[in-house]
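**Student:** So that we are looking at the same thing, I have put the structure below in structure tokens.
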Amino acid sequence: MLLKCPKCGVKNYLDPYPFWNFKGKTKCAGCDTFYAVEIATGSPMRAPRPINGTPKDPDLLLPGFADTPDNKPVMGEGKTRPAPRARADVYGKPKPIVRNSRGRLVAGRPLTPADLVGSRARYVVEGKEPK
Ligand SMILES: [Zn+2]
């Protein structure tokens with residue numbers, strides 16, 4: 001659903017999954033105007049109307065994305081909601097697994113030169129047989 005703010009013209013994209021059945025407030029990312037929205041099974045039950053609110057309201061759900069009338073994205077803390085994460089505890093850092101139960105290296109972190117001692121990769125680089 002698209003909430004185009006009549007005050008500033010910013011298009012606020014209310015993504016379907018969190019807003020599918022939703023009754024509460026959302027906030028325009030452009031001018032910080034709060035809107036009362038009521039959506040049932042993906043269809044708005046009534047037109048969004050401006051309402052008073054605070055950023056701490058428990059029924060506030062920010063739009064997933066917003067852009068200006070000339071298609072520039074509006075981002076930042078308190079403007080749009082961050083994308084949902086499959087695992088909230090993983091931020092793209094390698095897992096701390098280094099060796100498997102047989103002591104062999106497994107994926108987990110970038111290899112250091114010492115990890116390559118006696119390995120095929122070391123043999124290719126140095127041109128010497130592993131000892
Ligand atoms: Zn606005």
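The values are calculated or read from the model by the stated rules, or taken from the named source; none is laboratory data. Treat the numbers as computed from the prediction; the structure is a model and nothing was measured. Glycine gets a Cβ as well: all are built from the backbone with ideal geometry, and neighbour counts include every protein chain shown. Areas reflect the complete protein model, heavy atoms only, side chains present, ligands, DNA and RNA absent. Shrake-Rupley method; radii C 1.70, N 1.55, O 1.52, S 1.80 Å.
**Student:** Name the residue that is most open to solvent (accessible area, probe 1.4 Å), counting only residues in the range 51-71 that are under 16 Å from L14 (Cα atoms) and in a strand (DSSP E or B).
**Tutor:** The selected residue is F65.
Condition check ((1) aliphatic (A, V, I, L, M); (2) free of Cβ contacts under 8 Å to residues at least 40 places away in the same chain) across all residues:
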position	(1), (2)
K4	no, yes
E38	no, yes
G42	no, no
L60	yes, yes
P63	no, no
K79	no, no
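**Student:** Here's something else I'd like to know. Report whether or not K79 is in contact with an Asp or Glu (Cβ under 6 Å, 6 or more places away or on another chain), at negative phi and either in a loop (DSSP other than H, G, I, E, B) or among the charged types (D, E, K, R) (or both).
**Tutor:** Against the criterion (in contact with an Asp or Glu (Cβ under 6 Å, 6 or more places away or on another chain), at negative phi and either in a loop (DSSP other than H, G, I, E, B) or among the charged types (D, E, K, R) (or both)), K79 does not qualify.
**Student:** Now for a different question. With respect to the numbered conditions (1) modelled with pLDDT under 90; (2) open to solvent by 50 Å² or more (accessible area, probe 1.4 Å); (3) small (G, A, S), which one is the sole condition not fulfilled by S43?
**Tutor:** It is condition (1) that S43 fails.
**Student:** Right, here's the next one. Looking for something under 30 Å from A114 (Cα atoms), at pLDDT below 95 and over 18 Å from the mean Cα position of the chain (by Cα) - is there at least one such residue anywhere in the range 75-95?
**Tutor:** yes
**Student:** Of all residues in the range 5-17 being more than 9 Å from the ligand (Cβ to nearest atom) and surrounded by 13 or more Cβ atoms within 10 Å (Cβ to Cβ), which is modelled with the lowest pLDDT?
**Tutor:** Here the residue is D15.
**Student:** If you go through the range 24-35 one residue at a time, do you hit one that is in a strand (DSSP E or B), among the basic types (K, R) and away from the ligand (no atom under 13 Å from the Cβ)?
**Tutor:** yes
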